[in-house]
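Heads up, the thing below is written out as structure tokens.
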Amino acid sequence: MNHNIKSLCYQGAVRDNNEDAISYGTNKESGVTWMLVADGMGGHNAGEVASAMLVDYIQCAWDKISVTKPPHWETWIKSQLNAANIAILNQAKHSIAQQGMGTTAVLIVIDKKECHLGWVGDSRAYTLIDNNLVQETVDHTMIQELVNKGAISAETAKNANTKNLLSQAIGVREKIAVDTVTIAIKNGDTIMLSTDGLHDYLTEQEISHYLSKFPTNKNVCHDMINQAIAQNSSDNLTVGLINLIK
């Protein structure tokens, strides 16, 4: 299956460094495509280290996959994010400047008519299927846990000052809980991965509008990032788009 892919990882208008990272690739023999978006955190630029380490780890793991004997994708995603978690945690233990560093992760593998998805943190995956936008991930944040328990409403959570306080991230603790899901997809559908510097500053209506213009609009990633910045995003911004060719 062929895909249109566009991405942009931008430092933003305020930050003096970029702790976001994105990577993707397609196996030419099988046509299987993967994409990873990460949003690093930690002082002394350690967030950059964590997100870069995660990208490198997943890339190396991908290169070892057998084309003739592919893994169960949700199991593979969980396994690799858990292993990357330990690698980043161990790295932090050996550097005072890197202690406390971590990163979010949202990782997808597209194989034929299925999108396999796993995530930790508040980077997100959206799908646009038949012009219907769906947020496929549920943020791993303290405020979202309150929403899940029914303690506060989703609208209250959206406007909370602490909405980006993570309940878990990769590289911070020895044990993480990777959420996974498999989504049925078809030709013409679009998948979007993003960091909070982008999706927190665009409405779902705006996201849907931009995704509906892809891949016809080749500048869609720039347009989305410019819109988020115009709407006061002060963070790093990353967006990755995959459209299944009709």
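Write out the GluC sites (Glu not before Pro) in segment 169-246 meeting two conditions: DSSP loop, and at most 14 other Cβ atoms within 10 Å of their Cβ. Loop-located and lightly packed - GLU174. For the pairs LYS149/LYS175; LYS112/LYS218; LYS6/LYS149; LYS6/LYS186; LYS93/LYS149, note any where the Cα-Cα span goes beyond 28 Å. Beyond 28 Å between Cα atoms: LYS6/LYS149; LYS93/LYS149.
The charge dipole of segment 11-91, taken about its Cα centre with unit charges on the Cβ atoms of Lys, Arg (+1), Asp and Glu (-1) only, comes to about 340 debye.
Between segment 191-241 and segment 18-67, what's the alpha-carbon centroid distance in Å? Using only Cα atoms to place each centre, the spacing works out to 20 Å. In the distance distribution for the chain, Cα-Cα pairs more than 29 Å apart total 25 percent. Taking all protein chains together and rolling a 1.4 Å probe, LEU202 ends up with roughly 20 Å² accessible. For GluC sites (Glu not before Pro), the sites in segment 1-65 that DSSP calls loop and that have at most 12 other Cβ atoms within 10 Å are GLU29. Accessible surface of segment 28-143, 1.4 Å probe: 52 percent of it comes from carbon and sulfur atoms.
Taking every alpha carbon pair in segment 206-246, what does the distance histogram look like in 10 angstrom bins from 0, in percent? All Cα pairs, binned at 10 Å, distribute as 27, 55, 16, 2 percent.
Taking ASP63, ASP200, ASP189 in turn, the Gaussian network model of the chain (Cα-Cα springs below 10 Å) assigns the largest fluctuation to ASP63.
Per the Kirkwood formula applied to alpha carbons, segment 89-149 shows a radius of gyration over Rh ratio, Rg over Rh, of 1.12.
Taken over the alpha carbons of segment 1-142 as equal point scatterers, the Debye sum produces base-10 log I(q)/I(0) values at 0.09, 0.17, 0.20 Å⁻¹ of -0.29, -1.00, -1.30. Just the C-alpha atoms of segment 91-231: what Rg/Rh do they give, with Rh taken as the Kirkwood radius? So for segment 91-231, dividing Rg by the Kirkwood Rh gives 0.99. When the Cα gyration tensor is reduced to axis lengths a ≥ b ≥ c, the ratio a/c is 1.5 or higher for segment 1-83, and with a/b not above b/c it is classed as oblate. Per residue, the chain exposes an accessible area of 47 Å² to a 1.4 Å probe, with every protein chain left in place. Taking every alpha-carbon pair under 8 Å whose residues sit at least 6 apart, segment 3-68 reaches a relative contact order of 25 percent.
The values are calculated or read from the model by the stated rules, or taken from the named source; none is laboratory data. For clarity, every value in this text was computed on a predicted model and none was experimentally measured. For neighbour counting, all protein chains shown are included, and Cβ atoms are generated from backbone atoms with ideal geometry for every residue, glycine included. Remember, those area values only see protein heavy atoms, side chains included, never the ligands or the DNA or RNA. Shrake-Rupley method; radii C 1.70, N 1.55, O 1.52, S 1.80 Å.
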